[in-house]
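Reading through the structure tokens given below for one structure.
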Amino acid sequence: ELPQIEDEDDEEDSRTAIPPKTVEEKRETSKRFCLYTSCKLQWGLVVQSSNSTTNPPPYKPPLLQPARAPTQGNSVSEQQPQRTMAMAAALAGMAMDEVRASAAWVAARSSHVTVDSEAIERVADNMHDKIPKIEWDFEGIHYFDDGPLTVQYLFVLDALNFCFWPDKDLNYDDLASGLKAALENDKSVFDADRLQKYTGPELRKLLNWPRPLPLEDERVRLLHEVGYELERSFGGKASNLVKSCEKSASMLVATITSHFPGFRDHSVYKGHQVFFYKRAQIFTADLFGAFKGQGYGDFHDITSITIFADYIVPAVLRELGVLIYHSKLATMIDSESEIAAGSEEEVELRACSIYAVEKMRDLIRLKSGKQVLTVELDLWLWAYGVQRPSLQHHRTLSIYY
């Protein structure tokens, strides 16, 4: 059973186990798990180690068995696509369930980060009357043409959207605006065949950056991976990737992490696998924000998306009192010491952020009686953080954020 933080009026310690499930609930969980396992086997979903720096072999999805000749009254060729799509939908939903469930599992066992339930309620009280609305491109740094080229731009952007802090002058705005300028200058700059050929110096030239980028070799490798798999499986177009997911945000996340190893953002904490999928989720949210929930940004299950656990959100939650760092971790962050990828401290920072904002969203919904999207809360938290450069954030070398 997955423990979770109890409501603040519970007299026991806040980190306790959830109530036992009924027999019916256990049966339903067992059926969902079996279906999920079947989906993973059929779709060939392989999770890469979060500490791997080698170039993984290209993902090769298993071929579906050819449909047998239909018998009278039973068209196998008609049933196969329906069965496959049903399994895909189940896999997609479970992928996002994994993110939430594993974050709660970590929050219940965290020893370096504590989630303050009273602070969550204070923030919810302050926000529920007027939920902040932040425009997706409030900085004016992104490319947008309301078409497939924007989708291609966003996918390349989010493939490279990680680890800026080692270069104190580099930030996300430089990446977004640099790629925008490159695309405006040459509309074929992100064609799949070209993505497979870029070198480090060529990427720097695209971004108009004067020196090697942090984790530059990994950035180039991921560009090659994106170009190769887009060309191999989606006709070279990220827009075809989005169309294949039938307006499902959770299916888009599952499809990206299935086809593109560089997006498989996970870790292992106390022997338990923990899922984040930050860049796959932020691509989905970028589509939703850029297209204002229409066209390529139209997702019937956008509520399935969680926050995007990175550097900024934990720092903002600490500023708001929602996350409390224990003394050793606080000293490491305030002294700008590097925290190892996959360490307990790093996993707790990210997982507790997801857990806390999920609870915050639920409280705001309850108090306001309005639908609140986690992607909206994430955008507000991120905007709050980038406007406060004095905030101390943790420093981890990672390709995932």
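The table that follows gives values for the structure above.
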{"item": "Neighbour cut-off at most 13 other Cβ (10 Å), DSSP loop, trypsin sites (Lys or Arg not before Pro), the range 335-401", "result": "LYS370"}
{"item": "Under the Karplus curve 6.51 cos²θ - 1.76 cosθ + 1.60, θ = phi - 60°, whole-Hz ³J(HN,Hα) for the range 384-395, x wherever Gly or Pro sits", "result": "4, x, 5, 7, 10, x, 6, 4, 8, 10, 6, 10"}
{"item": "Virtual spin-label span in nm between GLU231 and LYS197, 7 Å along Cα→Cβ", "result": "0.9"}
{"item": "Relative contact order (%) - the range 216-302, alpha-carbon pairs under 8 angstrom, separation at least six", "result": "25"}
{"item": "Long-range HN-HN contacts of ARG395 with modeled amide H, under 5 Å", "result": "ILE339"}
{"item": "Cα Rg over Rh - the range 248-313, Kirkwood", "result": "1.01"}
{"item": "Restraint check, LYS133/LYS328; LYS270/LYS359; LYS205/LYS328, Cα-Cα greater than 30 Å", "result": "LYS133/LYS328; LYS205/LYS328"}
{"item": "Fully extended contour minus Cα-Cα distance, from GLN273 to ASP167, at 0.36 nm per residue", "result": "35.1 nm"}
{"item": "Two-site label geometry, SER337 and ASP362: point separation in nm, points 7 Å out along Cα→Cβ", "result": "3.4"}
{"item": "Separation of the GLU135 and GLU184 label points, Cα + 7 Å toward Cβ, nm", "result": "1.6"}
{"item": "With DNA, RNA and ligands ignored, accessible area of ASP173 (1.4 Å probe; Å², nearest 10)", "result": "60"}
{"item": "Rounded to whole Hz, the Karplus (6.51, -1.76, 1.60) HN-Hα couplings of the range 164-176, x for glycine and proline", "result": "9, 4, x, 9, 4, 9, 9, 8, 4, 4, 5, 5, 4"}
{"item": "Built amide H within the under 5 Å cut-off of VAL268, gap 5+", "result": "VAL274"}
{"item": "³J(HN,Hα) computed for each position of the range 133-138 - Karplus, 6.51 cos²θ - 1.76 cosθ + 1.60, integer Hz, glycine/proline x", "result": "10, 10, 5, 4, 9, 5"}
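The values are calculated or read from the model by the stated rules, or taken from the named source; none is laboratory data. None of the values given here were measured: they were computed from a predicted structure. Note that each Cβ is placed from the backbone with ideal geometry, even for glycine, and that neighbours are counted across all protein chains shown. When the accessible area is computed, the model is the full protein with side chains, heavy atoms only, and any ligands, DNA or RNA have been set aside. Shrake-Rupley method; radii C 1.70, N 1.55, O 1.52, S 1.80 Å.
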